[in-house]
Structures are given as structure tokens and as C-alpha cells.
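All of the numbers you see were taken from the coordinates with simple rules; none came from a lab. The model shown is predicted, which means the values in this text are computed figures rather than measured ones. Note that each Cβ is placed from the backbone with ideal geometry, even for glycine, and that neighbours are counted across all protein chains shown.
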Amino acid sequence: VFGLKTRIQMDLGTHWWLEMDTGATHLSFASEKQAVEFTAGKLHRNRAADTPAAIALTMRVKDMDATLKRATQAGATIVAAPKVQPWGQVEARIRDPDGVLTAVIAPPPARK
């Protein structure tokens, strides 16, 4: 959805791990089962029907409309439509099929 390249993808049968290359850093995702094991079962499970977890995941994109289209086609829900913020950038919020909240930000529209 965000145009990131897969750096590492492992399916270990009972667990999976995905690492994406963002350019300057790597963004990693673990399966819920693996997260439960890491935390001895003490975690907030993400569910689309529940209140989202308090996490600040933000993805900067070049094309807001195309990104939101890909996101919704992949099962995300738009919870805040794109809006130009007072500081100039465009911001939208989506929730993925598991309910994870993500801010999607893009450069401000060109001035006429």
C-alpha cells in the first residue's frame, strides 16, 4: 500500500515476520501469536471493532489519493478524510483490517 520494499519475509509456520525498507530505517511487523509470546500474553490485541491502540504510526506518501485507494482495496477503512492541516501538510487517518490506526501524510497541494 505504501510502496515500501520487503526486506525480510519469514513464515515459520506458527509465526511470521515482515521487515520493510523505508530508506532510512526498517519497519517490522510480527504475527499476533509471536507478540503474545514476546509479552507473555500481556498485550492489547488489535481488532477492527475495538478502540485502536495508542500508537503513533505515520506514513509519508507522495500521492494521497492513490495510497488511500490501495489501502481501501487492501481492506483498510478511512476514519479521517484527507485534510490540509494548519501547518500545511495533508493528513488522513486509516485503520487496517486488524484495526491498527495509521496517519497518512502528504505534501501540501501546490499553490496557485
Among Pro107, Thr51, Thr67, whose Cα lies farthest out toward the positive end of the dipole of the chain, if unit charges sit on the beta carbon of Lys, Arg (+1) and Asp, Glu (-1)? Pro107
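With the convex hull built on the Cα atoms of the stretch 1-84, state its orientation-averaged projected area in nm².
Values: hull surface 28.6 nm².
The directionally averaged projection comes out at 7.1 nm².
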Using θ = phi - 60° and the Karplus curve 6.51 cos²θ - 1.76 cosθ + 1.60, what whole-Hz ³J(HN,Hα) does each residue of the stretch 68-80 get, with Gly and Pro shown as x? 5, 5, 4, 5, 5, 5, 8, x, 6, 10, 7, 9, 8
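Only Cα pairs under 8 Å and at least 6 apart count here; give the relative contact order of the chain as a rounded whole percent. Working shown, then result.
Working: 183 pairs, mean separation 23.7, N = 112.
Reported relative contact order: 21 percent.
Exactly which trypsin sites (Lys or Arg not before Pro) in the stretch 62-94 are in a DSSP loop and have at most 10 other Cβ atoms within 10 Å? Display every interim value, and only then the final one.
Numbers: sites: Lys62, Lys69, Arg70, Lys83, Arg93; in loops: Lys62.
Of the trypsin sites (Lys or Arg not before Pro), the ones in loops of the stretch 62-94 whose Cβ has at most 10 other Cβ atoms within 10 Å are Lys62.
With each run of n ≥ 4 DSSP H residues scored as -39500 (n - 2.57), what mean residue ellipticity at 222 nm is computed for the chain after dividing by its residue count and rounding to the nearest 500 deg cm²/dmol?
Working: 2 runs with 17 residues, N = 112.
After summing the helix terms and dividing by residue count, I get -4000 deg cm²/dmol.
Computed FRET efficiency, Cβ-Cβ of Ala110 and Ala49, R0 35 Å: what is it to the nearest 0.05? Let's see the in-between values first.
Numbers: r = 39 Å, r/R0 = 1.12.
After rounding, the FRET efficiency stands at 0.35.
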Phi-based couplings in Hz for the stretch 43-53 (Karplus 6.51, -1.76, 1.60; Gly and Pro marked x): 8, 8, 6, 7, 9, 4, 7, 9, 4, x, 5
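What are the semi-axes of the equivalent ellipsoid of the stretch 64-112, taken as the square roots of 5 times the eigenvalues of the Cα gyration tensor, listed largest first and rounded to whole Å?
22, 11, 6
Evaluate E = 1/(1 + (r/R0)^6) for Gln89 and Met10, where r is the Cβ-Cβ distance and R0 equals 35 Å; express this FRET efficiency to the nearest 0.05. Each step should come with its number before you reach the end.
Working: r = 35 Å, r/R0 = 0.99.
Here the calculated transfer efficiency is 0.50.
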With each pseudo-label sitting 7 Å past Cα toward Cβ, what's the Glu32-Arg60 distance in nm, one decimal? 3.3
